1. Listed residues Gly20, Gly65; which is free of Cβ contacts under 8 Å to residues at least 12 places away in the same chain and not in a loop (DSSP other than H, G, I, E, B)?
2. Among the residues of region 85-92, is there at least one that is hydrophobic (A, V, I, L, M, F, W, C), modelled with pLDDT under 85 and surrounded by fewer than 16 Cβ atoms within 10 Å (Cβ to Cβ)?
3. Residues that are in contact with an Asp or Glu (Cβ under 8 Å, 6 or more places away or on another chain) and either over 30 Å from Gln177 (Cβ atoms) or of a type in the set (D, E, K, R) (or both): does region 59-72 have at least one?
4. Taking the stated definitions as given, is Leu54 of a type in the set (A, V, I, L, M), surrounded by 12 or more Cβ atoms within 10 Å (Cβ to Cβ), assigned to a loop (DSSP other than H, G, I, E, B) and modelled with pLDDT of 80 or more?
5. Out of the residues in region 152-171 that are in contact with a helix residue (DSSP H, G or I) (Cβ under 8 Å, 6 or more places away or on another chain) and without any contact (Cβ under 8 Å) to a residue 40 or more places away in the chain, state the one that is nearest to Met35 (Cα to Cα).
6. Of the numbered conditions (1) outside the structural domain of Asn37 (by TED's automatic domain parsing); (2) surrounded by 17 or more Cβ atoms within 10 Å (Cβ to Cβ), Asn137 fails exactly one; give the number of that condition.
7. Name the residue that is modelled with the lowest pLDDT, counting only residues in region 122-134 that are of a type outside the set (Ser, Thr, Tyr) and within 14 Å of Ala163 (Cβ to Cβ).
Amino acid sequence: MKNTARNMEIRYTSINDVYGNYVFNFNDSTAGLKMINDFAEKDIEDSKKVTDSLNNRIAKLDKDGASQMMSGQSLPTSASDITFYSIPGDFSGEPKNDDILIEYELDENNFKIQKLNIPKAKKKTQIPLTVENHALNKGIVKVSAKSIDLNTLYNIIDEINKAEFHHNSEQYVYLIQGEGEKLLMSIHYEQSGKYLKFSF
């Protein structure tokens, strides 16, 4: 992809003594969303490795040893949601709901993405788009846009959820086409819509 999110940076850091995934110089474009998604996927992969290793060690212990290890453990033994924040305008206290850009809701047992939450406040306008079922396991979303931003992605996910084509197939993919039928991204569903994954 030629379009890059210049100067954009994502860091797990502390702001106002609150740790989180903060996005500096957010580029609200396909490239910016890809950067967030890549960060989330790497976070999920790394967390799963740590958790699997920890759970394997716990499984080899007797009941008392496992209980003792669990009580003194600071590392997570299950998946937790991944939230990305813009830099808070008010540099005091915890990030507010207005500071949330995107949240990846994970299945705590298998680390798969169950849902992508974008705050309603990020929906600025209704974007003209159509969702069509093209095959048993493929749909096409046509968007009147050259790039995907948070507003467009909110609209796409909203319309996909209304269409529900992904609930009728074990595996289903939506190809998101922009102006000139250019492929902008795809959303892959599995287990009849239980889990999803993004590809840019």
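The values are calculated or read from the model by the stated rules, or taken from the named source; none is laboratory data. From a predicted model like this one, the values you see are computed outputs, not experimental measurements. A quick note on method: Cβ atoms are made from the backbone with ideal geometry, for glycine too, and the neighbour counts reach across all protein chains shown.
1. Details: Gly20 fails: free of Cβ contacts under 8 Å to residues at least 12 places away in the same chain.
Checking each option against the conditions leaves just Gly65.
2. Taking region 85-92 as the starting set, the residues that turn out to be hydrophobic (A, V, I, L, M, F, W, C) are 87, 91.
Filter once more, so that each one left must be modelled with pLDDT under 85: 91.
Keeping just the survivors that are surrounded by fewer than 16 Cβ atoms within 10 Å (Cβ to Cβ) gives 91.
Yes: one or more hits.
3. The initial filter retains those residues of region 59-72 that are in contact with an Asp or Glu (Cβ under 8 Å, 6 or more places away or on another chain), namely none.
No.
4. Working: of a type in the set (A, V, I, L, M): yes; surrounded by 12 or more Cβ atoms within 10 Å (Cβ to Cβ): yes; assigned to a loop (DSSP other than H, G, I, E, B): no; modelled with pLDDT of 80 or more: yes.
Here the answer is no, as Leu54 does not meet what is asked.
5. Step one: list which residues in region 152-171 are in contact with a helix residue (DSSP H, G or I) (Cβ under 8 Å, 6 or more places away or on another chain), which gives 153-154, 160, 166.
Retained after the next criterion (residues that are without any contact (Cβ under 8 Å) to a residue 40 or more places away in the chain): 154, 160, 166.
Values: Tyr154: 17, Ile160: 23, His166: 25 Å.
Here the answer is Tyr154.
6. Status for Asn137: all satisfied but (2).
7. At the first step, the residues of region 122-134 found to be of a type outside the set (Ser, Thr, Tyr) are 122-124, 126-129, 131-134.
Filter again for within 14 Å of Ala163 (Cβ to Cβ), leaving 129, 131-134.
Numbers: Leu129: 94, Val131: 97, Glu132: 96, Asn133: 95, His134: 90.
Here the answer is His134.
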